1. Please go through the stretch 263-320 and give me each residue that is in a helix (DSSP H, G or I), over 19 Å from ALA233 (Cα atoms) and of a type in the set (Ser, Thr, Tyr), ordered by number.
2. Which members of the stretch 23-45 meet the condition of being acidic (Asp, Glu) and free of Cβ contacts under 8 Å to residues at least 40 places away in the same chain?
3. Within the stretch 195-240, take every residue that is among the β-branched types (Val, Ile, Thr) and outside any helix (DSSP H, G or I) and give me the one that is nearest to ligand 2 (Cβ to nearest atom).
4. Across the stretch 163-179, which residue is nearest to ILE130 (Cα to Cα) among those that are surrounded by 17 or more Cβ atoms within 10 Å (Cβ to Cβ) and of a type outside the set (Val, Ile, Thr)?
5. Among the listed residues GLY89, GLY111, which satisfies the condition of being touching a residue at least 12 places away in the same chain (Cβ under 8 Å), farther than 21 Å from THR57 by Cβ, within 16 Å of ligand 1 (Cβ to nearest atom) and buried (at least 18 other Cβ atoms within 10 Å of the Cβ)?
6. Just to be sure I understand, how many residues within the stretch 62-119 are modelled with pLDDT under 90 and either under 20 Å from ILE175 (Cα atoms) or in a strand (DSSP E or B) (or both)?
7. Which condition does PRO105 not pass, out of (1) within 15 Å of ligand 1 (Cβ to nearest atom); (2) under 22 Å from PHE195 (Cα atoms), if it passes all the others?
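The values are calculated or read from the model by the stated rules, or taken from the named source; none is laboratory data. Keep in mind that this is a model prediction, so the values were computed, not measured. Reconstructed Cβ throughout: ideal geometry from the backbone, glycine too, with neighbour counts over all protein chains shown.
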Amino acid sequence: RARAEAASAQEDCITRDGRRIGVFANCGSVDDARRAAINGAEGCGLLRTEFLFLGRTTPPTREEQAATYAAVGAALAGRPIIVRTLDAGSDKPLAYLPTPVEENPALGARGIRLSLSRPEVLAEQFEAIITGLAADQRRIMLPMVTDLAELRAAKAILRDVEARVGAENPTELGIMIETPSAALLAEKMAEEADFLSIGSNDLTQYVLAADRQNPLLTAMADPLHPAVLRLFAQAAKGARAHGRWIGVCGGVASDPAATAILVGLGIDELSVSPPAVPAVKSAVRRLVAAGCEPLAAAALDATSASEVRNLVEEHFHAFA
Ligand code: PEP
Ligand code: MG
């Protein structure tokens, strides 16, 4: 199997009944992008740009940001790069952009909320992305969106920057679905977002009211909980209603035990940790997408995450 995985590492990923699933990588450094390319990722489905901003006393210049985006783009040799705008907050504070101490940073001024309160920082990041990556390689994604007003406000800033720098084409602008609000409103969001990508780490934390950083709750904060999966399903339905693609870029995408359910829910793209790319690709290639749909339906009807995990086991035995 290892040799077969290596041989097909760079090929498209298609289920046995012909459904194409994109397998991309999450990157948080230029090195990650190199590892992603070696492992056969089709591109970067989530570039966490915090690495450019954190742990320093002065902000990165626009040129420095652009050079880093260009290096990520070069490492992935022209394949698409989805750059997520800065997802800082009082849990990931910036020395040069002080944020008030918050009692509950996960529910605080983070992600797009913080960016919209500092529009000049967001505009500079947009400009750096546009100058660092070619039009056909770049996509932009917004973190922690809760409603359309935030998407519209960020899009207006992006279009202003594009007009100012004379960009030829509008950049595709998608949103993360990682708040329950965004998932519930996905059908509305997909009218105006070019794509959706589920951030299962935060979505699970918010749906189950279980802090993702609390080691006592690791077992409880399972993204395969039916309550979380119901929001995945709602988001996928919303995306499909407007002909948008929908991905998953949270940790559950890297879990080959989850692949069948995600495909059965109608997910088009999985963005996984660079080392997980070969295993997730081979998991997709073993699946029959049509057979995943009843599994997904049963998972939505389950009453606990462990029941869902048992269903997955049974499915594997039935189709292995
Ligand atoms: C997520 O929340 O699932 C996600 C991908 O974003 P991060 O892990 O960077 O918060
Ligand atoms: Mg998140």
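1. If the condition is that a residue be in a helix (DSSP H, G or I), over 19 Å from ALA233 (Cα atoms) and of a type in the set (Ser, Thr, Tyr), then SER282 is the only one that fits.
2. Taking the stretch 23-45 and keeping what is acidic (Asp, Glu), we get 31-32, 42.
Once the filter is applied, which keeps residues that are acidic (Asp, Glu) and free of Cβ contacts under 8 Å to residues at least 40 places away in the same chain, the stretch 23-45 yields ASP31, GLU42.
3. Among those residues, the one meeting the criterion is ILE198.
4. ALA167
5. Values: GLY89 fails: farther than 21 Å from THR57 by Cβ.
Being touching a residue at least 12 places away in the same chain (Cβ under 8 Å), farther than 21 Å from THR57 by Cβ, within 16 Å of ligand 1 (Cβ to nearest atom) and buried (at least 18 other Cβ atoms within 10 Å of the Cβ) holds for just one of GLY89, GLY111, which is GLY111.
6. Final tally of qualifying residues: 4.
7. (2)
Let's see how each residue does on (1) among the basic types (Lys, Arg); (2) more than 19 Å from ALA36 (Cα to Cα):
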position	(1), (2)
ALA233	no, yes
ALA236	no, yes
ARG244	yes, yes
GLY247	no, no
ILE261	no, yes
LEU265	no, yes
PRO278	no, no
LEU295	no, yes
HIS317	no, yes
